[in-house]
Structure formats: C-alpha cells, structure tokens
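I have placed the structure first, in the form of structure tokens, so that the comments after it can refer back to it.
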Amino acid sequence: MKKYLFLVFFCAIQMLLAQSEKEKAESCLKLVKPAQNQTLCLLQEEHKQFWKTEDERSQLEHKKWKEAKAIVEAKKDNCRPAPVEFQWECSKPAKEFILVLSGDGEVRRIRVEKENKASVDNLRIGTTYIWYVDARLEDGSVERSNGGQFKTDDLPPRWINLPGISNVRDVGGWKTADGTKRIRQGLIYRGSHLDIFFTKAAQPNKVVIKDILRIRSDWDLRGIKETAKGMRSYPLEDLNVRLHHYPKKSRTPQGLAQEMHFLANNVEFPVYIHCHGGADRTGELVFVLEALLGLKDQDLLTDYEMTSFGCWGKRSRHNGLKSLLTMLDKYGAPQEPYAKKAEAMLREGGLSQFDIDTLRCRLLESL
C-alpha cells in the first residue's frame, strides 16, 4: 500500500513539474505578423507595375513617352519602400515591447510603447530575417516570444526611406546577366542632395545614416556653385562621414574612367553618391558602374528609369540617357550588351585592369 501511494505521489509530482515546465516554455507573447516563412515584397504596387511595362517602355519614343498615360506622375515623390508590418499578441499587461530583428549581419532593436505592432522599412531585399519580441511587463519581469522567420523578395531596387530626401536607393541587389552574382547591398547608395541636413527636420535621418546605412563617405558630384549656400561646417561631420566634393567629369571615356578610378581608390564604403536630384549625373555614373559590373541591358535601363518615381520628373532612356547610350554604341556592335561596350569605353579612357578587378571584387557577391 505504501509503495502504491508513493508511486501515485511520485507521478503527481512529475505531472506538476511537467506542467510547470510547459507553462514556463509558453510565453505570454504570440507572434502574429509576418506569418512564419512568409515572403514579402518591398516594392510598392506602382513599382511592380513599372517592372511589368518594360517592353512598352523600351519601344516608346521620347515624344510618346511624355504623352503616354503616366505610370508615375511628375513632381510626385513615390520612391519609398513598402514597409514590413509586424504584429504580436500579449496576454499580460506590458509597459513596453522591444522588437528584435536580424538578417544579413544587421541587428535592429526597436522600442514600442504599449502598441502590439510596428512598421519597419529600409530592410534588405532577398534576405532571410529572424525576429522576436521582448515584453517588459508591469510586474517588472521580462518575457520573450518564440522566434519568427520571414524572407524579403529579391526584386530590386532596394528603396531607402530618408524623409525629405528623394530618389534614394541602394545600388546593390541587381543580378549580373549570367545570374551567378549580384551587387552587394549596403555598399553604394544613390539619391538626391543632402542639403536638408541643414534643417532640424532632418535630424531623425541621422539615425538611419549612422545605424542602418552606416555611410562613411558622401560623394557630391555637384559643381562648386551648386553646393549648399552658407555651409560653415559639414552637417554629417559628427557622424564621421567624410565629404568628397568631386564634381562630375565630362561625358567622355576619360572623364568616366576617372570617376571609376576615384570610386575604386579614394572612397571608403559605404558611400552615398549624389548630385542635385540623383537623376542625371548620378544616373549616368551608376549606369556605367552597373554595366561594368555586368548587369543586363534591361536592368540597366529600368534602374535608370526608376528615378521617375522621385520628385524631379520622369526619366527615360530616350531623353536624359540618350547621349551616353549613343557614345557607348561606338564601342561595339548593335547587338552587343552595354556591359561589354562600357568596359571597352572605360579601358580606352584609361581605366586599368587593377581598378576593374578592384570594383568587381569589392562590389559583387556570388549567388
């Protein structure tokens, strides 16, 4: 009898311990959104529609481009990424939450007061993210949710949200024509001028510059007379960002080769490249760089025309880029890709094999 009672008592203790361990393992937090292993696109619907009209855009003449029903509106800024919406449930009263998000070597900790949701932008494309939530409960304790996982679609470009600054995007994320490599994200950003940093409204952007983009160099392509008036000190100096005021060279093989040499040898990455609107001078420089890195023609042209979503008006291969394309056509047969023509042009302009190898080694990654 005693042995029987002991067994009953022992089993009861084991059940209580098991229940205790189960309760301990079950957090008061439950992740709701994004769904586990969901794939999310960081392009807005207008951006995706723009991708679908490549054949139409490639055949439009300049006049028809201006008269066609606009996919984008001039002077309307729509160059922000689609944010990722996070949501969770908490069964206990909480003072605040900490959303922890990590992917591709980046870790973000986002404080959220009371609300069980958060909106996050400037994520990388084609990247797997792990996330969880810590809750600081009203009784002083801290509980952590189970981990969640989602992936972002690899459809470029990677738009960057810097309020007040238009046409900002990562040059990285585009694949080479052979599909074996892509441009690394987080090394080169392009966009319009940073003069807004002279205002207090731009202070929140400094957090993005420092903690998310981690920009080290600012390459200003504008002429001396175009730079911000009355600049007594460089506004990003406190972030240890170095200003390179290196105005855009002439549109010649020598001028473009000098720019590629400068990028390969004089710039600390990550770098932000801009002129005034990040459209024409910046667009040409990035076009030549992406061609040298091996992108296919369609992607080169689409990336240039994506500037149409900025506040500076439409850009087409039939207007602003036409002079550059005409010059490139001199360096190869009509059916040859711009990647081959750009390399031939830059070599004639004096760009060395060492510089070409340096740029490709630094900026390309294998898939």
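Values in this text are rule-based calculations from the coordinates and carry no lab data. In this text the structure is predicted, and so the values were computed from the model without any measurement. Don't worry about glycine lacking a Cβ; one is built from the backbone with ideal geometry, like all the others, and counts go over all protein chains shown.
Here are a few things to note about the model shown:
- Cα centre as origin, Lys/Arg/Asp/Glu Cβ charges: region 156-366 dipole, Debye: 340
- Considering only the chain, percent of DSSP beta bridges that pair antiparallel, nearest 5: 75
- Set K48/K151; K48/K117; K48/K248 screened for pairs whose C-alpha atoms are more than 24 Å apart: K48/K117; K48/K248
- Calculated semi-axes √(5λ) of the Cα gyration tensor in Å (choose from [x] 36, 22, 19; [y] 49, 23, 20; [z] 43, 23, 18), label: [y]
- Listed peptides 257-266, 304-313 by packing density, highest first (mean Cβ within 10 Å): 304-313, 257-266
- Where trypsin sites (Lys or Arg not before Pro) fall in DSSP loop in region 107-190, at most 14 other Cβ within 10 Å: K114
- Relative contact order computed over region 156-366 (Cα-Cα under 8 Å; 6+ residues apart), in percent: 25
- Going by neighbour counts of Cβ atoms within 10 Å, the residues S166, S91 line up, fewest first, as S91, S166.
- With the helix formula -39500 (n - 2.57) applied to DSSP H stretches of n ≥ 4, the chain reaches a computed 222 nm mean residue ellipticity of -9000 deg cm²/dmol.
- Prolate/oblate/rounded label for region 156-366 (Cα gyration tensor, a/c 1.5): prolate
- Structure note, pairs K206/K314; K52/K114; K33/K206; K175/K249; K76/K341: Cα-Cα distances above 31 angstrom occur for K52/K114; K76/K341.
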